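J.: My questions will all concern the structure given below.
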Amino acid sequence: MQRFLIINPRSGTDSPSAEELRDAALERGVTIHFLEDGDDLPEVARRAGADVLGMAGGDGSLAAVAEVAIEQDVPFVCIPFGTRNHFARDLGLDRDDPLAALAAFDDGVERRVDVGRLGDRIFLNNVSLGLYARLVHRREHHRRRRDALARLRAVALTLKDRRRRQRFTIDGEHVRARLVLVGNNDYSLDLLSLGERERIDEGKLHLYIPHGFRRITWEERSCTELEIGSALPRIRTAVDGEPVALDSPLAFRIEPGALRVLVPRAPQ
């Protein structure tokens, strides 16, 4: 059985290093590919022809490889090696211990979890439109210009228009909102931030729209399909934290149990 792990060395922290993660995986007999500049991540995963596909990186990288695992109907292994690792957290993995997650390659327990689909791409966590999406796109713009203060600049620019509301059409209903968020399953909410998901196998999309400024309240609804349009021909989104501009309207749907995930077996 061929087990294949792609490592994004730019995603991780100093402890453990990408090299330490590589060595630990090699000791388990896992084939490793270090992601390099210019690599097409999904194509690297497709060409592997593996029986088990794994990704060590952030949420955006995980989604790209998870989509290939769905296409090829093989199990997927999530190694938390990014900044936030929200998917790993909601799987129940220790985000601070990527080496422990490698145990899933040995005798991992298979779980079926849901994925969201936006057009022809999947998302593991959520898709954001409006304020947060603008922040992500601005941050990426400055990062590409090698601005060392990219994140700080993005936050500063976004705070200038934090009261600005964008026009959307949600399933035919006209809505003005600073932020619209579509989640793969249900999130706990805390002011303007998302918390954890108790389940990622509920089979539902969840839509969240905050209202108010000083006292935030959330409008919530659940569904299996959703369409969001805009007056603009293209909508800037953040898909699992990655900046993506897509043609309007956006078509969302849930795919229950589409992803086979291997997680480490619980100690006896």
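The values are calculated or read from the model by the stated rules, or taken from the named source; none is laboratory data. These numbers come from a predicted model, not from an experiment. Positions of Cβ are backbone-derived with ideal geometry, glycine not excepted, and every protein chain shown enters the neighbour counts.
J.: Identify all residues within segment 63-80 that are closer than 17 Å to residue 102 by Cα and not in a helix (DSSP H, G or I); write none if there are none.
T.: Correct list: 74, 75, 76, 77, 78, 79, 80.
J.: Kindly indicate whether residue 96 is at pLDDT below 95, over 15 Å from the mean Cα position of the chain (by Cα) and closer than 26 Å to residue 187 by Cα.
T.: Yes, satisfied.
J.: Taking segment 243-268, which residues are touching a strand residue (DSSP E or B) at 6+ places or on another chain (Cβ under 9 Å) and not hydrophobic (A, V, I, L, M, F, W, C)? Working first, answer last.
T.: If we filter segment 243-268 for residues that are touching a strand residue (DSSP E or B) at 6+ places or on another chain (Cβ under 9 Å), which is where we start, we get 243-266.
Scanning segment 243-268 gives 243, 247, 248, 249, 253, 255, 256, 257, 260, 264, 265.
J.: Checking the condition in a strand (DSSP E or B), touching a residue at least 40 places away in the same chain (Cβ under 8 Å) and surrounded by fewer than 19 Cβ atoms within 10 Å (Cβ to Cβ), which residue from 238, 245 passes?
T.: 245
J.: Further question: Among (1) over 17 Å from residue 240 (Cβ atoms); (2) touching a helix residue (DSSP H, G or I) at 6+ places or on another chain (Cβ under 8 Å); (3) outside any helix (DSSP H, G or I); (4) not polar (S, T, N, Q), which single condition is residue 99 missing?
T.: All conditions are met except number (3).
J.: Is it true that some residue in segment 176-195 is modelled with pLDDT of 70 or more, under 17 Å from residue 211 (Cβ atoms) and loosely packed, with under 10 Cβ neighbours inside 10 Å?
T.: no
J.: Kindly indicate the residue of segment 40-69 that is at pLDDT 95 or above and of a type in the set (Asp, Glu) and also nearest to the chain's Cα centre (by Cα) among those meeting that condition.
T.: 67
For (1) in contact with a Cys (Cβ under 8 Å, 6 or more places away or on another chain); (2) free of Cβ contacts under 8 Å to residues at least 60 places away in the same chain, each residue gets a yes or a no:
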{"residue": "10", "(1), (2)": "no, yes"}
{"residue": "54", "(1), (2)": "yes, yes"}
{"residue": "62", "(1), (2)": "yes, no"}
{"residue": "67", "(1), (2)": "no, yes"}
{"residue": "71", "(1), (2)": "no, yes"}
{"residue": "78", "(1), (2)": "no, no"}
{"residue": "84", "(1), (2)": "no, no"}
{"residue": "98", "(1), (2)": "no, no"}
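J.: I would also like to ask the following. I want to confirm something. Restricting to segment 31-47 and keeping residues that are surrounded by 12 or more Cβ atoms within 10 Å (Cβ to Cβ) and not aliphatic (A, V, I, L, M), which single residue is nearest to residue 66 (Cα to Cα)? Outline the logic, then answer.
T.: Start the filter on segment 31-47 by keeping residues that are surrounded by 12 or more Cβ atoms within 10 Å (Cβ to Cβ), which leaves 31-35, 39, 41-42, 44-47.
So of that shortlist, the ones also not aliphatic (A, V, I, L, M) come out as 31, 33-34, 39, 42, 46-47.
Details: 31: 17, 33: 16, 34: 17, 39: 17, 42: 9, 46: 11, 47: 14 Å.
Among residues in segment 31-47 that are surrounded by 12 or more Cβ atoms within 10 Å (Cβ to Cβ) and not aliphatic (A, V, I, L, M), the one nearest to residue 66 (Cα to Cα) is 42.
J.: Could you grab me the full set of residues in segment 204-226 that are in contact (Cβ under 8 Å) with a residue 40 or more places away in the chain, of a type outside the set (Phe, Trp, Tyr) and surrounded by fewer than 14 Cβ atoms within 10 Å (Cβ to Cβ)?
T.: Listed by number, the list is empty, since nothing qualifies.
J.: Here's another thing I want to ask about it. Just one of (1) farther than 23 Å from residue 256 by Cβ; (2) assigned to a helix (DSSP H, G or I); (3) of a type in the set (Val, Ile, Thr) trips up residue 83, so point out which.
T.: Unmet for residue 83, out of (1) farther than 23 Å from residue 256 by Cβ; (2) assigned to a helix (DSSP H, G or I); (3) of a type in the set (Val, Ile, Thr): (2).
J.: Applying the selection to segment 1-17, what residues are at pLDDT 85 or above and either outside any strand (DSSP E or B) or among the acidic types (Asp, Glu) (or both)?
T.: The answer is 1, 2, 8, 9, 10, 16, 17.
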